[in-house]
Every structure is written in structure tokens, then in C-alpha cells.
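Bear in mind that the values in this text are calculations on the coordinates, not laboratory data. Predicted, not measured: the structure shown is a model, and the values here were computed from it. Ideal geometry is used to build each Cβ from the backbone, glycine not excepted, and the neighbour counts take in all protein chains shown.
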Amino acid sequence: MDGKYLLKRLASFFIFLWAALTITFILVHLMPGDPAYMLAHQYMQNYGISFEDAYQMAKASLSWDPTKPLWVRYIEYFGNLVRGNLGTSILYEQSVNQIIAKSIPWTIFVASISLLLSFMFGVYLGSNAAWRRGSKVDSAVFFSGIVLSSFPSFIVAILLVIFLGVKFGIIPIGGAYSEDLVPGFNLRFITDVLYHAIGPIIALSVERLAGYMLGMRNNAVSIIQEDFVNFAAMRGLKDSTIAKKYVRRPALLPLITSLAISLGFMFGGATLAESVFRYPGIGYQYAQALGTRDYPLIMGIFTVIITAVLLATLVVELVYPLIDPRVREK
Amino acid sequence: MSGIETIKSAYDTYLRPVIKNRKALAGLLILTFFVVLALIGPYIWPLQMESDFSKRFLPPSREHPLGTDYFGIDVFRQIVHGTRVVLAVTFLPALIGTILATSIGIAAGYIGGIPGRVLNGIIDIFMTIPSFPALLLMAAFFREANIVLLSFIIAIWLWAQPAKTIAAQVLSLRSMEFVEAAEILELGKFHIIFKELMPHLMPYIFIQFVNMIRAAFGASQGLMFLGLLKFNPTHWGVMLNIAVYQSGALYVPYAIFYPLSILVFMILLLLGFVLVSYGVEETFNPRLRKYE
């Protein structure tokens, strides 16, 4: 990898970030409805002030002024963004940066564990199924993959709350740790945190496991039909060698890309599961912000979600040539 | 006559091989069940939406096969009535998304030069914007939604990935001899796109359409479940939102039949979509078909 490649990738990262945020900005500002108007009514009731005063207040706290031309608002928006200022949340009356910093670790915690677990199990089961295609193992993997694909995270989350949570009381049904515990680095707190993470982790994993299982199976089934695999068999290589080195490795490559991309998508993907468990990660905060129409917080979290996706893409582009020699030679 | 022939040849090329696939057939049967339920169900089981709090959270009985909700309204009848709107906000976004993906994808793959690059750039940018959070963001600007509006804001976040696939396919077809021949004969862009490229693209477009149906179902249910928009109260996502967040039925042990029934219907319909989508993929992807 040379410096020119690195520079090119970095440039495209920033161009895409700018373009994606610009498109979102335009779409959001073309939407009907004036959030400042709605907030002004709220202020009017809460503080007992005239509508004009309330409207001024609302415009200031939202950094949203529909009377200004679009390009002025656009420059203001990017000016604040470049300075790393995401504004102040209406709901929490706290800086958006702080709220995001507090919630990100929780999501990284549950989402990365879920991703790694489903990836490992999915790859293992999928490659075994492909290797013994047509066998009972294969049909079991394929059938369960299809059934599990019909269990999106929020459905699993609700099922877990109903059965394991309320009916049998095995798992906690809300929060990231028991309210009577003081956060700290001690065994009691850590086990409590792990205990509270079980529900969200399972909810986030089911559909994903199915995806990796079926994806790995299909990739491996395609690769088994390649000439180089036949040739390896003709050369008298051991089955286990062919399975590991000739089939699993090339079949894994596209999945590693998708794993890395999924790491980027984890902030956005956790919204539903986290809100069922009231798990205080970035997805839960996003749902809260959306539900209360807290525009600064919504836009702030959305910016983080997009940035994470682009960062993951950047990492894939930088690392891929290292693991796939075919790309390196080009 | 030619109309009937076109339908018959479309049936032979697309539907027959799909029906031959066992998974797709099972999925189609599930979908047929729901379509029939949507068409005639509401006439068989009329719905009274008046609340009767003395009947709150009743267990299943002969009168109320799936029990009642917080307001004492029959859950089964609500689900049956919701089937129509559920199917509508699943198929309509997929249809709009397919039209967008096909037209933008073909244009991006076929037009060269700067316009082509701009189109490809737009596709790439939309692909990097995570669709579900973006959908939620747009939804937050509306107080309530109707079927058409909802379908459009879902479709905006569906078309990019399929458009990319179609554009790549067009690009590889363009260098084929039969397209080159048509270009040398100066048959015109219209002829090349619709008569030469389209027949080869149809299986891909069909796969994308089926996948978009699945995505649109998940997106609409998730969006409504969060309760960001006022929408038809019998939509299953809205029902689930009321069950989980508004009425707290989740935490009332004897009321679990209510949220559970909604979930079972959602899972069954989604299973239908998943089966059709894998069946279609297998039918048109020879590498997966070989070892069936």
C-alpha cells in the first residue's frame, strides 16, 4: 500500500461524509413542518410567555431559522459541525456531544459482542453445511437460517421480555445496570452489567446469525464448484485441507467485508432492540430524541451514525488489500 | 392475442420456475393466505373500534379468538383489518423502489461521461447513508402519515443498493457482442435499452423487487413500532407500539396473548417474504440451483 492510495481513500472519506451530510441536510430542510413552531408552542405553555418570545427562544435553541435562506442555514450547520459543536439537546438540556459520548460505549459493548458471536457461529455452521451439502446438517442449517431470518431484532427483544423477562424473571427487562448499584470497577457491578446485556445481545444477534450462516453457506457452495477446488481434490489433498484452505478462506473474504461494514452500521442498527430494553445506548437515545422531536440531538446522533459507517468503509478499503492478494496486485 | 402471449411467456420465464422451487412455493402459499385475508377478512369479521374497558386484556375465548386489548377491542379482528394496510405499505414502497432503482441503475450503467459518473456518485452516497435511521429521521418531520407518503419516504431509502447491482449488470452487458451489434446498426438507445438489455436484466430486477418487499416490511413495521407517526391504528406495527409502549401489556402477565398474537402474524408474513426471496434467488442464480 502506497501513500497515494492512502491519500485517495482519505479524500474520498471526507468527500462522502460531506456529500452524505449535505443530502441529509437538504432532505431534512425540504421537509414540511417547522420544528421551531412546534417547540415555540411548548415553550409558550411551559413558561407562560408570548408566542413571539417563545418562537425566538425556540429558533435559538434549535439553531433552526426558517426565515433565513437555505444556504445561510447550510453554512451555519457546517460551521458548527466542523468546530465539533453539535448543539444542545432540548430534552436533556445538555450538550449533544456529552449525551453521545455517554451512550456510545453501551452500544459498542452490546453490538460488537453480538456481531462477533453471530459471525463466528454463522461462519462455522455455514461452512460446515456447504461442505456437507445435501446432508442433514445442511438442511438443518438452511432451514433454521430461513426461519431465524424472520426474527428481526425488535421481535426477538419483545419475545425475550415477555418470556425470559416477565414470565420467568430470568433476565432483566430494562436499563444497563441495576439502579441501586453505583457504577465502578468491581465484580458486582461488572456481572450486573453483563447480566443486563444478555437480552439486547441476543435480540441483536438472531437475524444477523441467520444472515452469516446463509451467506457463508452460499459463498462456500459457489466456491466448491470452482476448478481450483476440483484440482486440489485431484491432487489428492486431504479433505480437511481443502475445506479449510481452499474453500473457507475465499468464502470468508466477502463476509469479512460485511462484518467490518456491519461494525459501522451498529449504531443505527441497535435502535429498536435498545428501545425495547430501554438500554441507554446510542440507538435508544436516537429513539428518544425522535419521539420528543429533539432536533439537535437527532441530527447529532445521525451525524455520528453516518461517520461510523464511512469510517468502517475506510478501514475496509485500507485493510482489504492486505488480506486479499488479488486486490493488492491490481 | 399478443397480450395473452406476453403474459404466458412471462409466466413461463418467471413464475413457473419459481413455483417449481419448494421454498418459493411455500412462501407464495403464505403470501396468498395473507392476500386473501386482506381482501375478504374485513367483510367476514367486521371491526367495532368502540372501547369497552370492562373487557380489558381478556384471554382468548370463542368470542375473542386472540383476546382483547387495553381498550377491550378484539385483537384478532384488528389484525385482520390491519393486513390490508400492512401489505400496502410493503408492496407500494417496493414497487416505487424498483422503478427508481431500475431507471437510475440503467441510466448510470448506460450513460457514460460526466452525467453517468454523477449518477454513480449519487448511488454511492445513498448507499453510505444507513437507511433505517435515515427513514426515522424523515418520519420525525411528519405528525401523521398516509399510505402514499409513507411508501415514498420508505422507497427513498430502498433503491440505492439495487440500482448499484443493476448498473453493474448493464455495464457488463454493454460490452457484449449483441449490444455492440445493435449499436453499430444504430437501432437507437430506446431499442437497445428496452429490447436488448431489458430481457437480460429482468431476473435481476425481479430479485431486487422481492428483496425490497422484505426490506420495506421490516422498515415499515420498525418505524410504526417506535410510534413516531400517527397512522392507521390497525397496522401491526402501530398495534405493537400500543401494546408495548402505550398500554404496558408486555408487563401484565395475563395480557401476553395480545402482543404475542401480533408478533406471530408478523413472523409468519415475514417468513413468507423470506421464503419467496430465497426461492427466487435460487431459481435465477444457477450456482445455488445446481446442488438442490
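A few remarks follow.
- Segment A:L117-A:S135, extension gain: residue separation times 0.36 nm, minus the distance between their alpha carbons: 4.0 nm
- Order of B:T165, A:T191, B:T83 - criterion: other Cβ atoms within 10 Å of each residue's Cβ, fewest first: A:T191, B:T165, B:T83
- Exposed-site-free run, longest, chain B (rule: trypsin sites (Lys or Arg not before Pro); DSSP loop; at most 15 other C-beta within 10 Å): B:144-289
- The ranking of A:D227, A:D294, A:D239, A:D192 by Cβ neighbour count inside 10 Å, starting from the fewest, reads A:D227, A:D239, A:D192, A:D294.
- Note on A:W18 and A:D324: their simple-model spin labels are 2.9 nm apart, each label 7 Å out from Cα toward Cβ.
- Cβ-based exposure ranking for B:D124, A:D53, A:D180, in which fewest neighbours within 10 Å come first: A:D180, A:D53, B:D124
- On Cα atoms only, tilt of B:198-225 relative to the major axis of chain B in degrees: 20 degrees
- Axis angle, to the nearest 10 degrees, between helix B:257-284 and the longest C-alpha principal axis of chain B: 20 degrees.
- Estimated distance in nm for a label pair at A:F185 and B:E144, the labels positioned 7 Å out from Cα along Cα-to-Cβ: 5.5 nm
- 222 nm mean residue ellipticity, helices alone, for chain B (DSSP H n ≥ 4; -39,500 (n - 2.57); rounded to 500): -22000 deg cm²/dmol
- Along the axis of the charge dipole computed for the protein assembly as shown (Cβ charges of +1 for Lys and Arg, -1 for Asp and Glu, origin at the Cα centre), the listed residues A:Y43, B:W159, B:L137 are led at the positive end by B:W159.
- Expressed as a fraction of 2.2 N^0.38 Å, the C-alpha radius of gyration for chain B is 1.18.
- 14 Å beta-carbon shell around B:L136, net charge (K/R +1, D/E -1): -1
- Unit Cα scatterers, Debye sum, the protein assembly as shown: log10 I(q)/I(0) for q = 0.08 Å⁻¹: -0.65
- The stretch B:143-215: translational diffusion in µm²/s, Stokes-Einstein, Kirkwood Rh over Cα pairs, 4 °C, 1.567 mPa s: 91 µm²/s
- At least 27 Å along the helix axis (C-alpha) and Kyte average at least -0.5, DSSP helices within chain A: A:3-30, A:96-131, A:187-224, A:249-269, A:295-323
- Tensor-based shape of the stretch A:255-318 (alpha-carbon gyration tensor, a/c under 1.5 rounded, otherwise prolate or oblate): oblate
- Residues listed by number, the stretch A:68-106, amide nitrogen under 14 Å from A:I49 label point at 7 Å toward C-beta: none
- Projection of the Cα convex hull of the stretch A:25-177, averaged over all directions and equal to a quarter of that hull's surface, yields 15.4 nm².
- Chymotrypsin sites (Phe, Trp or Tyr not before Pro) restricted to DSSP loop in the stretch A:176-253 with at most 14 other C-beta within 10 Å: A:F185
- Rounded, prolate or oblate (a/c below 1.5 giving rounded, otherwise prolate when a/b exceeds b/c) for the stretch B:1-137 by Cα gyration tensor: oblate
- Loop-located trypsin sites (Lys or Arg not before Pro) in the stretch A:57-152, at most 10 other Cβ atoms within 10 Å (DSSP): A:R83
- Using the alpha-carbon positions of the stretch A:118-240, Rg (one decimal) and Dmax (whole number) come out as 20.2, 66 Å.
- Debye-sum result for the stretch B:27-100 in log10 I(q)/I(0), which assumes one identical scatterer on each alpha carbon, at q = 0.14, 0.20, 0.28 Å⁻¹: -0.55, -0.87, -1.19
- Rg to Rh, two decimals, where the stretch A:195-330 supplies the alpha carbon set and Rh follows Kirkwood: 1.13
- Peptide A:224-231 - average C-beta neighbours from other chains (10 Å radius): 1
- Counting, for every residue in A:150-160, the Cβ atoms of other protein chains within 10 Å of its Cβ and taking the mean gives 6.
- Here B:M198 and B:L25 are evaluated by their C-beta separation; at R0 = 30 Å the FRET efficiency comes out at 0.65.
- Dividing the alpha-carbon radius of gyration of the stretch B:65-120 by the rule-of-thumb value 2.2 N^0.38 Å gives 2.10.
- Compared with the dominant principal axis of the Cα atoms in chain B, helix B:113-128 is inclined by about 30°.
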